[in-house]
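Notes follow the structure.
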There are 2 protein chains.
Amino acid sequence: MKTVEKSDAAPDPLAHLLGYHLRRLSVVVMADLTEALCPLGLKPADASVLFMIEANPGITQSDVGKALGILRANMAPLIAGLLGRGFIEREPVDGRSHALRLSAAGAALCLRAKSAVGRHEDRVFSSLSKGARARMISQLRALWMERQ
Amino acid sequence: MKTVEKSDAAPDPLAHLLGYHLRRLSVVVMADLTEALCPLGLKPADASVLFMIEANPGITQSDVGKALGILRANMAPLIAGLLGRGFIEREPVDGRSHALRLSAAGAALCLRAKSAVGRHEDRVFSSLSKGARARMISQLRALWMERQ
DNA sequence: TATTGTTATACTCTATAACTATA
DNA sequence: TATAGTTATAGAGTATAACAATA
């Protein structure tokens with residue numbers, strides 16, 4: 001079989017680097033996700049926090065941050081924004097930590113966000129079979145968790 | 001076969017999202033690459049530009065930017081830095097664009113950078129077989145190029 | 001009129017440090 | 001002494017707009 005020549009394209013000295021393709025794909029996927037969530041008034045970090053609170057009602061702010069790799073200092077304004085917009089509620093569990101839960105509005109928004117994210121993933125990864133997608137998830141997950 | 005229960009870990013509502021794992025892995029890989037290049041006084045973007053110029057001597061600044069997804073406005077200070085440190089040279093090709101080449105010092109640095117990046121990739125992706133690595137490269141590359 | 005390169009600038013993300021109050 | 005949350009702030013990366021010089 002004859003291979004296709006890229007006669008006009010410049011040689012790409014990064015083509016053999018997995019990390020490079022990981023980075024390029026991550027950038028375009030994040031851009032698409034940001035656009036998909038924008039109509040809901042959410043950024044990717046907002047949505048990930050809502051999902052984490054929905055799945056773990058009563059979780060504390062710092063535990064959300066630990067799970068998502070977001071520093072405490074950066075969680076504070078993020079949570080303040082979701083509180084201020086009425087999407088989450090919190091009650092003290094001891095004097096320093098607060099249990100987080102979705103409000104009714106937050107739960108409704110979370111539903112719409114999950115739908116938007118699902119459509120986003122189907123759009124961006126449509127060229128991968130279900131099996132290829134699952135295999136890639138397990139490989140990527142194992143790789144980042146071993147350095148976490 | 002009995003599956004392992006994650007009795008103490010919080011449910012992870014993002015576990016099924018390929019984009020999430022892509023992002024988390026990209027972050028840790030970039031952090032490792034940054035650390036690997038730091039002793040050479042290079043950042044990942046610097047190294048990618050050096051590699052592109054080495055593989056395409058005479059390439060213009062804007063074509064480097066197009067190939068790497070870096071805006072012209074952001075290429076200017078990057079190139080100025082490499083010029084100022086004597087790693088690249090440039091000569092006018094017409095009145096507005098310049099052909100870029102590595103200097104001798106730049107070529108030597110490039111060699112060391114390639115070695116550092118190679119060791120970085122071997123370290124970070126050591127748990128993937130050669131075949132799995134190649135398959136993942138071709139899948140990731142196809143995915144980001146279809147949105148480029 | 002379009003392109004190359006430059007400057008200035010703004011915005012987002014991420015990181016550190018310092019502080020409080022609680023345990 | 002360690003932890004939860006907050007604030008302030010600094011740095012990197014990335015984005016837009018405007019400009020000069022040239023094609």
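The values are calculated or read from the model by the stated rules, or taken from the named source; none is laboratory data. Owing to the predicted nature of the structure, the values given are computational and were not obtained by experimental measurement. Cβ coordinates were reconstructed from backbone atoms using ideal geometry, including for glycine residues, and neighbour counts include every protein chain displayed.
Evaluation of residue A:76 against the conditions (1) surrounded by 15 or more Cβ atoms within 10 Å (Cβ to Cβ); (2) within 11 Å of DNA strand D (Cβ to nearest atom); (3) in contact (Cβ under 8 Å) with a residue 12 or more places away in the chain shows that the sole unmet condition is (1). Answer yes or no: is there a residue in region B:72-95 that is within 16 Å of DNA strand C (Cβ to nearest atom), at pLDDT below 95, not small (Gly, Ala, Ser) and not in a strand (DSSP E or B). Yes, region B:72-95 contains at least one residue that is within 16 Å of DNA strand C (Cβ to nearest atom), at pLDDT below 95, not small (Gly, Ala, Ser) and not in a strand (DSSP E or B).
Across region A:43-55, the number of residues qualifying as facing another protein chain (nearest Cβ under 7 Å) and touching a helix residue (DSSP H, G or I) at 6+ places or on another chain (Cβ under 9 Å) comes to 4. Of A:126, A:138, all but one fail to be away from DNA strand C (no atom under 13 Å from the Cβ), out of contact with any strand residue (DSSP E or B) (no Cβ under 7 Å at 6 or more places or on another chain), within 11 Å of chain B (Cβ to nearest Cβ) and part of a helix (DSSP H, G or I); the exception is A:138.
Summed over region A:13-42, the residues that are closer than 14 Å to residue B:69 by Cα and either away from every other protein chain (no Cβ under 11 Å) or of a type in the set (Asp, Glu) (or both) give a count of 0. Among the residues of region B:110-123, the ones that are within 11 Å of chain A (Cβ to nearest Cβ) and free of Cβ contacts under 8 Å to residues at least 12 places away in the same chain come to 3 in all. The set of residues in region A:96-115 being within 16 Å of DNA strand C (Cβ to nearest atom) and surrounded by 13 or more Cβ atoms within 10 Å (Cβ to Cβ) consists of A:97, A:98, A:99, A:113. With respect to the conditions (1) closer than 18 Å to residue B:111 by Cα; (2) of a type in the set (D, E, K, R); (3) within 14 Å of DNA strand D (Cβ to nearest atom); (4) in contact with a strand residue (DSSP E or B) (Cβ under 6 Å, 6 or more places away or on another chain), residue B:46 lacks only one, and its number is (4). Screening B:58, B:69, B:95, B:81 for residues that are within 12 Å of DNA strand D (Cβ to nearest atom) and within 13 Å of another protein chain (Cβ to nearest Cβ) leaves exactly one candidate, B:69.
Restricting attention to region B:54-66 and to residues that are in a helix (DSSP H, G or I) and either of a type in the set (Phe, Trp, Tyr) or within 12 Å of DNA strand C (Cβ to nearest atom) (or both), the residue that is farthest from residue B:148 (Cα to Cα) turns out to be B:61. Of all residue pairs spaced 6 or more apart or on separate chains, those with beta-carbon atoms under 9 Å, a first member in region A:96-109 that is part of a strand (DSSP E or B) and a second member that is aromatic (Phe, Trp, Tyr) are A:102/A:87.
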